[in-house]
Structures are given as structure tokens and as C-alpha cells.
Amino acid sequence: MKLQQLRYIWEVAHHDLNVSQTAQFLYTSQPGISKQIRLLEDELGVDIFTRSGKHLTRVTPAGEAILAIAGEILRKVESIRQISLEYTDQKRGHLTIATTHTQARYRLPGVIQRFIGQYPEVALHMHQGSPQQIAGMAADGTADFAIATEALEQYGDLIMLPCYTWNRSVVVPKNHPLAARSELTLEDVAQFPLVTYVFGFTGRSRLDEAFKSRGLTPRVVFTATDADVIKTYVRLGIGIGIIAHMAFDPEVDKDLVALDASHLFAPSTTSLGFRRGTFLRGFMYDFIKTFAPHLTRERIDAAIAAHSRDELAAVFETVELPVL
């Protein structure tokens, strides 16, 4: 059994069983990958993949178990490489972040600009997706860090660091009847068609919980994953928008009015998560601290050392999170 063979089966499984695409990704030949997978299967005496002719069709039950361990081995090997680099080339490396559109568009640009200024030789890669996709990328090692508001807690092997709390604004055109209200009620909001986030994105569950608690059934006429799209449809008169407060830009959104809704909905907390066992290089600690200044190296290490969710919560029980 060779490390290269484990890398091949892992990458094939994560490229939709497309050997040709995997070969391009790994800068090698398709026949070479196929041959090594066959040799590994012959050595183990089990099929990792089922086949239809020359095409792989699915991962076998034995393959699922083998791939899980192969992933752990490959991550350990990568950690060894990262340890060596930390002692030989501290300013060079790569960092992959998975996050949502709201974080990528409104929260991260300044953070990334400062980080690149400090570490110009660290290559940054960003993946955007749903909270579930983001958490999955951190859990399987595709991303180093996941930054999201929802779904991270569903993965027990992720260490989650609370970064900040935030709430929402109701956005309406300047001539809308609500634009002149000094303080909104949920009843006010429920009178109008709503344009807001898809369920599972950007704290949407908090909205549904608030309306349900008051016995209200909002008329959601349009949902999107992107606050900019939501504002576009508010401008078209489709409905009033409910977005993260940070997603309203007074300069760009001059034709809209943002009404504070923080008294209507419970606040949400955005967290940064990474897989337990990840070796954090110095620049990774610095990125976290740039994103959330209260997350010092000592506090991060204490979170890593926590053995349960209760112990992890105790690390942050005296920390007052920033409010955005």
C-alpha cells in the first residue's frame, strides 16, 4: 500500500468518480490512476469502487470505510508538512477559507486585505457555499477554516470559535409606508410580502422563530442566498427585505432605507470552525485574530484543548463578543 494510492482514491472520490478530471487535477495520467487503484484493490482483496465498463459508478461500503481512514492519513501527512514549513518558511504557505456570500462580500474584504499585507507570500483561496457545504469542507479537510452562522455545530469534529454577534435590518424603498416608522413591530413587517434569505442561510431560522412566537405567518415571496440579490428585488417592489445589518451599505444603497430590526429578532453568532487535529501555523493564528481580535493564540489553544462542548463554552463565557 502506497501513500500515492490513498491520494488517488481520495481525489477520485472527491471528483465525482471522474478519473479523467482527477488526473488533470493531479497532473498525471488517467491510466496511471486506474492502474494504481486496481493494484490497491487487489492488495486489499476488496473493491473500493463499483464499475460499469471502464467507468466508476459508486463507492462500495468497504470503500467508504477505507476512504474515511485514507482521509485521516492524508490530513496527518499534510499536518507533518505544515509543521516542517512552520520551522523552515514561516511566511509562506496557503490558506483555504469556506464561507457564505455575506461574509465574503461584507465582512472579509478588509480582513483579507490586512492579512495579505502582512503575509504577501501566503496564497489565499476562498470557497463560497451553503452553511452545510461550508461545514462539510472544513470537516473533510477541503478548507482550513469555515466561517458561517449556521450548520457548523452539526459537525462534532469541528472546533468552533465564536467571532461576533449580529442582527438584521428591514430594507425598503424610500417611498415605502414603513420608511417613516421610528420603531418597527413584527406585525408591521408581517403586513408586507417579504424578500429574505433561503432557509439555512445567514440566520434565517431566527426570523422564522420570531414570527412563530407571535403567532404570525409572514408571506415570503422570494428568497435568495445573496443580500445583494435581495436588495435588487426590494428595489423592484417585490417585497420588503430582511437582511444582515452588515449587508446594508449607506453609500451604495442610497435609494433604500434600512430600519433597525435588532429588537425584533434574536441575535445570531458567526463562528470560525476548523477540524480537530489541524495543525495551525503562525499565519493561521494571525488570520483568526485579524478576523476576531478577541481570539488570541492563548484562547484558541484553550479551545483546542477543550474535550467537550461545555469546556469549549467555558473558554468564552467571560468574553463579550463584538456586535456588528
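The values are calculated or read from the model by the stated rules, or taken from the named source; none is laboratory data. Note that the structure is a prediction, hence the values are computed from the model and not measured. Virtual Cβ from ideal backbone geometry, glycine too; neighbours counted across all protein chains shown. Only protein heavy atoms, including side chains, enter the accessible area calculation; ligands, DNA and RNA are left aside. Shrake-Rupley method; radii C 1.70, N 1.55, O 1.52, S 1.80 Å.
Could you list, in sequence order, all residues of segment 250-267 that are out of contact with any Phe, Trp or Tyr (no Cβ under 8 Å at 6 or more places or on another chain) and open to solvent by 40 Å² or more (accessible area, probe 1.4 Å)? It would help to see each step written out before you state the result.
Within segment 250-267, the subset out of contact with any Phe, Trp or Tyr (no Cβ under 8 Å at 6 or more places or on another chain) is 250-255, 257, 259-266.
Result: P250, E251, V252, K254, D255, D260, S262, H263, A266.
How many of the residues making up segment 15-40 are within 30 Å of the chain's Cα centre (by Cα) and more than 17 Å from G53 (Cα to Cα)? Spell out how you get there, then give the answer.
Filtering segment 15-40 down to residues within 30 Å of the chain's Cα centre (by Cα) leaves 15-27.
Imposing the further condition that a residue be more than 17 Å from G53 (Cα to Cα) reduces the set to 15, 21-27.
Going through segment 15-40 one residue at a time, the tally reaches 8.
Has segment 293-302 got any residue that is of a type in the set (S, T, N, Q) and either over 24 Å from R107 (Cα atoms) or within 19 Å of the chain's Cα centre (by Cα) (or both)? I'd like the intermediate steps shown before the answer.
As a first pass, look at segment 293-302 and keep what is of a type in the set (S, T, N, Q): 296.
Next, from what is left, pick out any that are either over 24 Å from R107 (Cα atoms) or within 19 Å of the chain's Cα centre (by Cα) (or both): none.
The answer is no, given that none of the residues of segment 293-302 is of a type in the set (S, T, N, Q) and either over 24 Å from R107 (Cα atoms) or within 19 Å of the chain's Cα centre (by Cα) (or both).
Scanning segment 81-100 for residues that are in contact (Cβ under 8 Å) with a residue 40 or more places away in the chain and out of contact with any helix residue (DSSP H, G or I) (no Cβ under 7 Å at 6 or more places or on another chain), which turns out nearest to L272 (Cα to Cα)?
Filtering segment 81-100 for residues that are in contact (Cβ under 8 Å) with a residue 40 or more places away in the chain and out of contact with any helix residue (DSSP H, G or I) (no Cβ under 7 Å at 6 or more places or on another chain), the one nearest to L272 (Cα to Cα) comes out as I97.
Pick out the one residue from E209, E150, E187 that is buried (at least 20 other Cβ atoms within 10 Å of the Cβ) and charged (D, E, K, R). Before you say what the answer is, go through the steps one by one.
On the way: E209 fails: buried (at least 20 other Cβ atoms within 10 Å of the Cβ); E187 fails: buried (at least 20 other Cβ atoms within 10 Å of the Cβ).
Only one candidate qualifies: E150.
If a residue counts only when it is at pLDDT 90 or above and under 30 Å from A123 (Cα atoms), which helices (runs of 4 or more DSSP H) contained entirely in segment 244-324 have at least 3 such residues?
Numbers: elements: 282-291, 297-305, 309-315.
The qualifying helices (runs of 4 or more DSSP H) are 282-291, 297-305.
Which residue is surrounded by the fewest Cβ atoms within 10 Å (Cβ to Cβ), if the candidates are limited to segment 108-141 and must be under 18 Å from G277 (Cβ atoms) and over 10 Å from the mean Cα position of the chain (by Cα)?
Filtering segment 108-141 down to residues under 18 Å from G277 (Cβ atoms) leaves 135-141.
With the extra rule that they be over 10 Å from the mean Cα position of the chain (by Cα), the set shrinks to 139-141.
Working: A139: 21, D140: 17, G141: 19.
Within segment 108-141, the match that is surrounded by the fewest Cβ atoms within 10 Å (Cβ to Cβ) is D140.
Residue-wise test of (1) free of Cβ contacts under 8 Å to residues at least 40 places away in the same chain; (2) out of contact with any His (no Cβ under 8 Å at 6 or more places or on another chain); (3) of a type outside the set (S, T, Y); (4) at positive phi.
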residue	(1), (2), (3), (4)
H245	no, yes, yes, no
P250	yes, yes, yes, no
A258	no, no, yes, no
H263	no, yes, yes, no
A266	no, yes, yes, no
T269	no, yes, no, no
F274	no, yes, yes, no
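Within the set of pairs 6+ apart or on separate chains, which have a first residue in segment 158-177 that is closer than 30 Å to F316 by Cβ, a second that is of a type in the set (K, R) and surrounded by fewer than 21 Cβ atoms within 10 Å (Cβ to Cβ), and C-beta atoms under 9 Å apart?
Partner pairs satisfying both residue conditions: L158/R275; L158/R276; I159/R275; I159/R276; M160/R309; L161/R299; N167/R206; R168/R206.
How do the strands (runs of 3 or more DSSP E) wholly within segment 41-143 filter down when requiring 2 or more residues that are over 26 Å from D157 (Cα atoms): which remain? Lay out the reasoning, then the answer.
On the way: elements: 49-52, 55-59, 93-99, 122-128.
Passing ranges, in order: 49-52, 55-59.
Kindly list, by first and then second residue, each pair from a residue in segment 209-221 that is at pLDDT 90 or above to a residue that is of a type in the set (S, T, Y) and part of a strand (DSSP E or B), limited to pairs with Cβ atoms under 8 Å and residues at least 6 apart or on different chains.
From residues that are at pLDDT 90 or above, the pairs are V220/T196.
Residue check: is S130 small (G, A, S), at negative phi, touching a Gly at 6+ places or on another chain (Cβ under 9 Å) and modelled with pLDDT under 90?
Yes, satisfied.
Kindly indicate the residue of segment 70-89 that is of a type in the set (S, T, Y) and either under 30 Å from T225 (Cα atoms) or more than 22 Å from the chain's Cα centre (by Cα) (or both) and also modelled with the highest pLDDT among those meeting that condition.
Let us first name the residues in segment 70-89 that are of a type in the set (S, T, Y), namely 79, 84, 87-88.
Still in the running and either under 30 Å from T225 (Cα atoms) or more than 22 Å from the chain's Cα centre (by Cα) (or both): 84, 87-88.
Working: S84: 80, Y87: 75, T88: 77.
Filtering segment 70-89 for residues that are of a type in the set (S, T, Y) and either under 30 Å from T225 (Cα atoms) or more than 22 Å from the chain's Cα centre (by Cα) (or both), the one modelled with the highest pLDDT comes out as S84.
Would you point out which residue out of R105, R92 is open to solvent by 40 Å² or more (accessible area, probe 1.4 Å) and within 22 Å of the chain's Cα centre (by Cα)?
Working: R92 fails: within 22 Å of the chain's Cα centre (by Cα).
Answer to the selection: R105.
Those residues that are in contact with a strand residue (DSSP E or B) (Cβ under 7 Å, 6 or more places away or on another chain) and either more than 29 Å from E209 (Cα to Cα) or among the charged types (D, E, K, R) (or both), I need them from segment 263-290; list them, please. Steps first, please.
Initially, segment 263-290 is screened for residues in contact with a strand residue (DSSP E or B) (Cβ under 7 Å, 6 or more places away or on another chain), giving 265, 267-276, 281, 283-284, 287-288.
Listed by number, the residues that qualify are R275, R276, R281, F283, M284, F287, I288.
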